[in-house]
Amino acid sequence: MLVFSVETSCDETSVCIMNSDKKILSHIVYSQDFHTKHGGVVPELASRAHLEILQTITKNAFNDACKKPGDIDVYSATCGPGLIGGLLIGSTYAKSLSIGSNKPFVPINHLEGHIFSTSYNNDITYPHLSLLVTGGHTQIYLTKNINSIDLIGDTIDDAVGEAFDKVAKLLGLPYPGGKEIEERAKKGDEKKFKLPLPLIKKDNFNFSFSGLKTAVNLTLKKNVINEKIINDMCASFQKCIAEILYFKLKKTTNTLIEDNINITSVSLVGGVANNKYIQSKLFNICKDQNIELMLPIKEMISDNAAMIAWACILKNKKRKNKLLFNPNPRLTINNM
């Protein structure tokens, strides 16, 4: 089965042509760098940029793959969650190609794209735990099988990626903030500032980051901002984020083990999974519990069409054409 997929849920415009034998014939990700000057993603500008670039990268993808639209067996696109403008553009575009080629269209859940991304390069044993950390989501999922996924932990306010961006803005660092903070943290003292660990003592698996952002803001107002303060705050903030994720993941795995749910592996997925410091901290907790920590291939960590194509191949081999499926900016797992 040859799949053509589109990902336009936020500010990356991406297309992929993938075969069901896992061979990626073409994969293009176009990042909208102009959002940097605005300090965040502007939805209307993101939508226009998707419109401007989709046809060009599609032509390039077919040329790279030495394929034609009629060669594709299934067309797929992210249909939620995400920014509604981008979802409408990407899904409508893929639907149009499917109609023109008389091939089925399959809607894909962006979250499932992330969750299944590690199964592309790893052998997953179920039940399996996934820690999803992105600009819009911080969630823990228990996957019993590819058709049964339970949300067991969620953020009650900001997502972890959003917290990175907001703290970077407070420090006068450019958007996106995650990479900037990670680089600055290498030069800072992570013990300089003591920041709160929200919900750590609560008897649940949920997250909260808005109070942490406020604490950073109040701390900065008490200091004269210079390069050293910026580096120390980046290091302290990154350490705090890693500790929150560490404690919540440890609590989750311990609880599941107590409930006789045998977890042998955990996936760390989403854009924040690129952070090497966070990776190392979570590797340690998993090693202590004899659990394998899995990561997607680099090309599938941030928003991309390859994970959408793979999710389509993994879940939808026998699914019928869903041309009338409407994009949903608040689409949830198991809601398709």
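Annotations for the structure displayed:
- Some residue of the range 159-182 being of a type in the set (Gly, Ala, Ser), outside any helix (DSSP H, G or I), touching a helix residue (DSSP H, G or I) at 6+ places or on another chain (Cβ under 9 Å) and within 17 Å of Val272 (Cα to Cα): yes
- Counting only strands (runs of 3 or more DSSP E) wholly contained in the range 56-153, the ones carrying 1 or more residues that are hydroxyl-bearing (Ser, Thr, Tyr) and under 22 Å from Phe325 (Cα atoms) occupy 74-78.
- Qualifying position, being outside the structural domain of Ala77 (by TED's automatic domain parsing), aromatic (Phe, Trp, Tyr), free of Cβ contacts under 8 Å to residues at least 60 places away in the same chain and within 30 Å of Asn334 (Cα to Cα), among Tyr141, Tyr126: Tyr126
- Residues that are at pLDDT below 95, of a type in the set (Val, Ile, Thr) and in contact with a Cys (Cβ under 9 Å, 6 or more places away or on another chain) do occur in the range 22-45.
- Top-ranked residue in the range 67-94 [being in contact (Cβ under 8 Å) with a residue 12 or more places away in the chain and more than 24 Å from the chain's Cα centre (by Cα); ranked as surrounded by the fewest Cβ atoms within 10 Å (Cβ to Cβ)]: Gly70
- Selection from the range 4-31 of residues that are touching a strand residue (DSSP E or B) at 6+ places or on another chain (Cβ under 7 Å), without any contact (Cβ under 8 Å) to a residue 24 or more places away in the chain and not hydroxyl-bearing (Ser, Thr, Tyr): Asn19
- Wholly enclosed helices (runs of 4 or more DSSP H) of the range 227-327 bearing at least 1 residues of a type in the set (Ser, Thr, Tyr) and either touching a residue at least 24 places away in the same chain (Cβ under 8 Å) or touching a strand residue (DSSP E or B) at 6+ places or on another chain (Cβ under 8 Å) (or both): 227-258, 276-288
- Annotation: Lys191 fulfils all but one of (1) surrounded by 15 or more Cβ atoms within 10 Å (Cβ to Cβ); (2) at pLDDT 95 or above; (3) not in a helix (DSSP H, G or I); (4) not small (Gly, Ala, Ser); the unmet one is (1).
- Consider the range 31-66 and keep the residues that are of a type in the set (Ser, Thr, Tyr) and surrounded by fewer than 18 Cβ atoms within 10 Å (Cβ to Cβ). The one that is farthest from Leu173 (Cα to Cα) is Thr56.
- Condition met for Ile28 (more than 15 Å from Gly85 (Cβ to Cβ) and β-branched (Val, Ile, Thr)): yes
- Inspection of the range 198-211 finds a residue satisfying the criterion of being in a helix (DSSP H, G or I), under 20 Å from Phe164 (Cβ atoms), of a type outside the set (Val, Ile, Thr) and touching a residue at least 12 places away in the same chain (Cβ under 8 Å).
- Leading residue by the ranking (farthest from Thr13 (Cα to Cα)) among those in the range 290-322 that are surrounded by fewer than 17 Cβ atoms within 10 Å (Cβ to Cβ) and of a type in the set (S, T, N, Q): Asn290
- One residue stands out in the range 226-254 among those that are among the aliphatic types (A, V, I, L, M) and in contact with a Lys or Arg (Cβ under 9 Å, 6 or more places away or on another chain): the one that is surrounded by the most Cβ atoms within 10 Å (Cβ to Cβ), namely Met233.
The values are calculated or read from the model by the stated rules, or taken from the named source; none is laboratory data. Given the structure is predicted, the values throughout are model-derived calculations rather than measurements. All Cβ positions, glycine included, derive from the backbone under ideal geometry; neighbour counts span all protein chains shown.
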